[in-house]
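The values are calculated or read from the model by the stated rules, or taken from the named source; none is laboratory data. As the structure is a computational prediction, the values presented were derived from the model and not from experiment. Cβ atoms come from the backbone with ideal geometry, glycine included; neighbour counts cover every protein chain shown. For accessibility, only protein heavy atoms count, side chains too; no ligands or nucleic acids. Shrake-Rupley method; radii C 1.70, N 1.55, O 1.52, S 1.80 Å.
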Amino acid sequence: LVYSATSSSSKSSAVVGGSSIAISPAHPLTALGCEDGLIRFWDNRVPQNSSGKPDSANLNPFLNLDVKSSTAGYGFYDDSNLATQNPGEIRSLAFDAAGLNMVAGTAGGVVALYDMRTSRPLHVKEHQYGLPIHTVRFHSGSGTVMSADSKLVKIWRAKPSSTSAPALAMEDDVAGTGGSAGGAGGGGSGDDGTGTGVGSIVSNIEGTADLNHFIVAGDEADPKGDASGLVLCAGEQPKMQSFYVPALGPAPRWCSFLDSITEELEERDRAETSAASGAAGSAAAAGAGAADGIYEDYKFLTRDEIESMGMQSLVGTPLLRGYMHGFFVDVGLYNRIKAVANPFEYEEYRKKKLKE
């Protein structure tokens, strides 16, 4: 994208590169994020001249928003890259469904949330890696903003939440398919705390490879994924990375089994926590009981066994708990997958015993 700004007093034109573009879903408004740190806005209702083509006099933007100045002093950008990259360049843009809010991601790893009625950002979110923000979007179902660089997808609140404080304390750094298998539980990044205000962290999704783009998967009833909790990420690997974050919403109908798995694991975690608390009378006994409670219903599998059963897609998800040279998997899940992977195993075992 290239925008050529022509001065009225001169025939010379300053060429500005555009890095991202977004169209408001509610208003005839187009926003172009440019490499100079400005967002330029056009009215889509450009009048046409007698030839039926847009009038060149009306092709200039009617408004500029200086994001670079608003985010100056924020971020963890590596200053050694200043010679090759402008940290204020607008790399990604998105409007919310109502068209009243906009979010912009910069090359310096900073995301600015705006109310369209003011030029001052409502909140500036920093990504600690200082890498370019390649994708941003609003998730209307949860009232959050999702912003991604090549290392993680950060999910944070775009508006104050009315959810109770204990529920909000359950925030998670997600790795694999899940916001935690049992909900949004875990320990948040600590960025802006774990409160209910604008900018507070809901979850972080860390990929197994560098991320290039993400979408929220929906279904027929929710094609844009505005109420879904399933995040699909394209990265520097052949397979798509999938993550289920219950804090965002339920799974789409075509993979509704994720909700039941999440509920089962959540109930098991609560039972283990209660059992560990009940054994607090003896510190040593409590420690041993906690260890048994974690792994007594799990089976250890090596990576070769994982591949032989076709479970490679579960690597990196909460369904497989990495340990030393292999993984722990729930016994019930293991038995179900094993029955599908080799349905004639019992017959083979029976024939072998008969021959013996």
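Computed extension length for residue 44-residue 304: 87.9 nm, one decimal, from 0.36 nm per residue of separation with the Cα-Cα distance subtracted. Taking a point 7 Å from the Cα of residue 85 along the Cα-to-Cβ direction, the residues of the range 14-30 with backbone N closer than 16 Å to it are 19-20.
Let me know the shape class of the range 212-268, please: from the alpha-carbon gyration tensor, a ≥ b ≥ c as square roots of the eigenvalues, rounded when a/c is under 1.5, otherwise prolate if a/b is greater than b/c, or oblate.
Note, shape of the range 212-268 comes out oblate.
Which value, in debye to the nearest 20, gives the size of the charge dipole of the range 55-126 about its Cα centre, when Lys and Arg are +1 and Asp and Glu are -1 at the Cβ?
Details: 5 positive and 8 negative charges, 30 e Å.
Result for the range 55-126 is approximately 140 debye, rounded to the nearest 20.
Give me the one-decimal nm value for the distance between modelled label points at residue 313 and residue 348, 7 Å along each residue's Cα-to-Cβ direction. Label-label distance for residue 313 and residue 348, simple model: 2.2 nm.
Overall, the accessible surface of the range 88-138 at a probe of 1.4 angstrom is composed of carbon and sulfur to the extent of 49 percent. Of the cross-linked pairs 151/299; 154/224; 239/299; 151/239; 299/338; 299/352, which ones have a Cα-Cα span greater than 21 Å in the structure shown? Where the Cα-Cα span goes over 21 Å, the pairs concerned are 151/299; 239/299; 299/352.
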